[in-house]
Amino acid sequence: TGPVPRTKPRRKTIVIDPGHGGKDPGAISVSKKYEKHIVLAFSQRLRDALNATGRYNAILTRTGDRFIRLRNRVDLARQKDADLFLSIHADASPNRSARGASVYTLSERASDKEAAALAAKENKADLIGGIDLNVEDTEVATILIDLARRETMDYSKRFANGLTDELARVTPMVA
């Protein structure tokens, strides 16, 4: 037999989530610019830059000014079998001299009602590797969910640390 043909590695799928949109403007700057517009424009440029490398398949959760519920954004990432989900925001500060970037990862505790509802739903019926945990013993399902959550949070922290290091090379970081 001859040599085995080399296959190209699968491009990583990155789902970029421009925060807010539609009825939810997000933060509003002192010059009356809406966060939803700023993060959409940035996210489009980021998507295009990532796709131009040929190494990534970057897609947006929204391409226009419309509101999309958190659970629908997460569902899109799952449907696309995303390797990474990046939510882009432009925070506002009462300190007008505040400048810089910050990186956050999902915490153990939900940050708002919708995130809490999503977490509760996921705790009851999560799909890990295509396994419907509704058919598992409650204790087994809880353990599997906890393991998957810890693994995801570990990956998130490592990515956030690397991203922070790279960002610090080109922009001030918020302490």
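Suppose the filter is of a type outside the set (Gly, Ala, Ser), surrounded by fewer than 16 Cβ atoms within 10 Å (Cβ to Cβ), over 24 Å from Met173 (Cβ atoms) and under 20 Å from the mean Cα position of the chain (by Cα); does Asn57 pass it? In short, no.
Taking the listed residues Val39, Val15, the one that is among the hydrophobic types (A, V, I, L, M, F, W, C), in contact with a Lys or Arg (Cβ under 7 Å, 6 or more places away or on another chain) and modelled with pLDDT of 90 or more is Val15, with no other qualifying. The C-beta contact set for the range 74-87 (first residue under 11 Å from Thr13 (Cβ atoms), second residue in a helix (DSSP H, G or I), distance under 6 angstrom, 6+ apart or interchain) comprises Phe85/Ala77. Take Gly22 and decide whether it is in contact (Cβ under 8 Å) with a residue 24 or more places away in the chain, farther than 22 Å from Thr105 by Cβ and open to solvent by less than 40 Å² (accessible area, probe 1.4 Å). Yes; evaluated as a whole, the condition is true for this residue. Residues considered: Ile16, Ile38. Of these, the only one that is surrounded by 13 or more Cβ atoms within 10 Å (Cβ to Cβ) and under 19 Å from Ala82 (Cβ atoms) is Ile16.
In the set Arg45, Arg66, which member is open to solvent by 90 Å² or more (accessible area, probe 1.4 Å) and under 17 Å from the mean Cα position of the chain (by Cα)? Lay out the reasoning, then the answer.
Numbers: Arg66 fails: under 17 Å from the mean Cα position of the chain (by Cα).
The match here is Arg45.
Taking the conditions (1) buried (at least 19 other Cβ atoms within 10 Å of the Cβ); (2) of a type in the set (A, V, I, L, M); (3) over 22 Å from Asp81 (Cα atoms) in turn, Ile28 satisfies each one other than (1).
The values are calculated or read from the model by the stated rules, or taken from the named source; none is laboratory data. It should be emphasised that the depicted structure is a prediction, and the values quoted were computed from it without experimental measurement. We place every Cβ from the backbone using ideal geometry, glycine too, and count neighbours over all the protein chains shown. Side chains are part of the model used for accessible areas, which takes the heavy atoms of the whole protein and leaves out ligands, DNA and RNA. Shrake-Rupley method; radii C 1.70, N 1.55, O 1.52, S 1.80 Å.
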